[in-house]
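The values are calculated or read from the model by the stated rules, or taken from the named source; none is laboratory data. What you see is a predicted model; the values in this text were computed from it and never measured. With ideal geometry, Cβ positions are generated from the backbone for all residues, glycine too; neighbour counts draw on all protein chains shown.
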Amino acid sequence: MLIEINPYNIDKRLLKQVVDVLRNGGIIIYPTDSVYAMGCDLKNRRALEKLAKLKGIKLCQANFSIICYDLSNISEYTKNFDRSIFKLLKHNLPGPFTFILNATNEIPKLFDSNKKTIGIRVPDHDLIREIVKELGNPIVTTSIHDEDEILEYTTDPYQIYEKYDGKVDLIIDGGFGNLYASTVVDCTEDEPIIIREGIGELQ
């Protein structure tokens, strides 16, 4: 199913439809401030397994990130970090970044793994953040492109629909996406390290 939602004038009825799909264990594709991505409800184990299968991996091997509405509830998923890291996050989020942080014991339980870190995203995109807010907890996210390249089709909602119709439960047309992925910053050591240069310029 493909639905069009204007990210600058979000239809609350359509927003509720998306959240209902997530709560029922569905996989959705949605726009972000970088590339289009796919994801599911973090608290739905069946959906997590389905998402991993769609990526061709086992859940315990998945390297998914989570999208939060803001930084207010990330302590449930990340261990305490020092003030300089908090200032870095606060200064750059919302924005096209994935910050890798040390994970709490909640993350290995959710992913059935010994995962010790988790990527945190707070995109500068009202639509996906409003979906997360309405859902009441983060969503698990992974980009739809292959690891090595971002193909042009991944920017066009209709081409995405042609490729993924029948594989996911809902695709959101929020306009053309970006060709550049988020910038990934590892914050698990003493100094932050950029491990992938993307669209975000670290401030």
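What to note about this one:
- When restricted to residues that are under 14 Å from residue 36 (Cα atoms) and β-branched (Val, Ile, Thr), segment 153-191 contains 6.
- Among residues of segment 164-178, those that are surrounded by fewer than 17 Cβ atoms within 10 Å (Cβ to Cβ) and under 23 Å from residue 52 (Cα atoms), counted: 3
- Failed criterion for residue 78 (all others in (1) surrounded by 22 or more Cβ atoms within 10 Å (Cβ to Cβ); (2) under 29 Å from residue 154 (Cα atoms) hold): (2)
- Of all residues in segment 159-168, one or more are over 21 Å from residue 78 (Cβ atoms), in a strand (DSSP E or B) and at pLDDT 95 or above.
- Verdict on residue 51 being at pLDDT 95 or above, crowded, with 16+ Cβ neighbours inside 10 Å and not aromatic (Phe, Trp, Tyr): yes
- Residues that are under 13 Å from the mean Cα position of the chain (by Cα), under 19 Å from residue 30 (Cβ atoms) and part of a helix (DSSP H, G or I) occur in segment 131-146; there is at least one.
- Residues that are of a type in the set (Lys, Arg) and either under 16 Å from residue 172 (Cα atoms) or in contact (Cβ under 8 Å) with a residue 60 or more places away in the chain (or both), drawn from segment 5-59: 12, 13, 16, 23, 43, 45, 55
- Pair list, Cβ under 9 Å, 6 or more apart: segment 179-203 residue without any contact (Cβ under 8 Å) to a residue 12 or more places away in the chain, other residue part of a strand (DSSP E or B) and loosely packed, with under 12 Cβ neighbours inside 10 Å: none
- Any hit, segment 135-152, residues being in contact with a helix residue (DSSP H, G or I) (Cβ under 6 Å, 6 or more places away or on another chain) and of a type in the set (Ser, Thr, Tyr): no
- Residue check for residue 14: in contact with a Cys (Cβ under 7 Å, 6 or more places away or on another chain), assigned to a helix (DSSP H, G or I) and farther than 14 Å from residue 164 by Cβ: no
- Which numbered condition residue 79 fails, given (1) out of contact with any strand residue (DSSP E or B) (no Cβ under 6 Å at 6 or more places or on another chain); (2) over 25 Å from residue 9 (Cβ atoms); (3) basic (Lys, Arg): (1)
- Any hit, segment 80-103, residues being under 15 Å from residue 42 (Cβ atoms) and either in a helix (DSSP H, G or I) or in contact with a His (Cβ under 8 Å, 6 or more places away or on another chain) (or both): no
- Test for residue 109: is it among the basic types (Lys, Arg) and assigned to a loop (DSSP other than H, G, I, E, B): no
- Only residues that are in contact with a strand residue (DSSP E or B) (Cβ under 7 Å, 6 or more places away or on another chain) and either surrounded by fewer than 21 Cβ atoms within 10 Å (Cβ to Cβ) or assigned to a strand (DSSP E or B) (or both) were counted in segment 112-128, giving 7.
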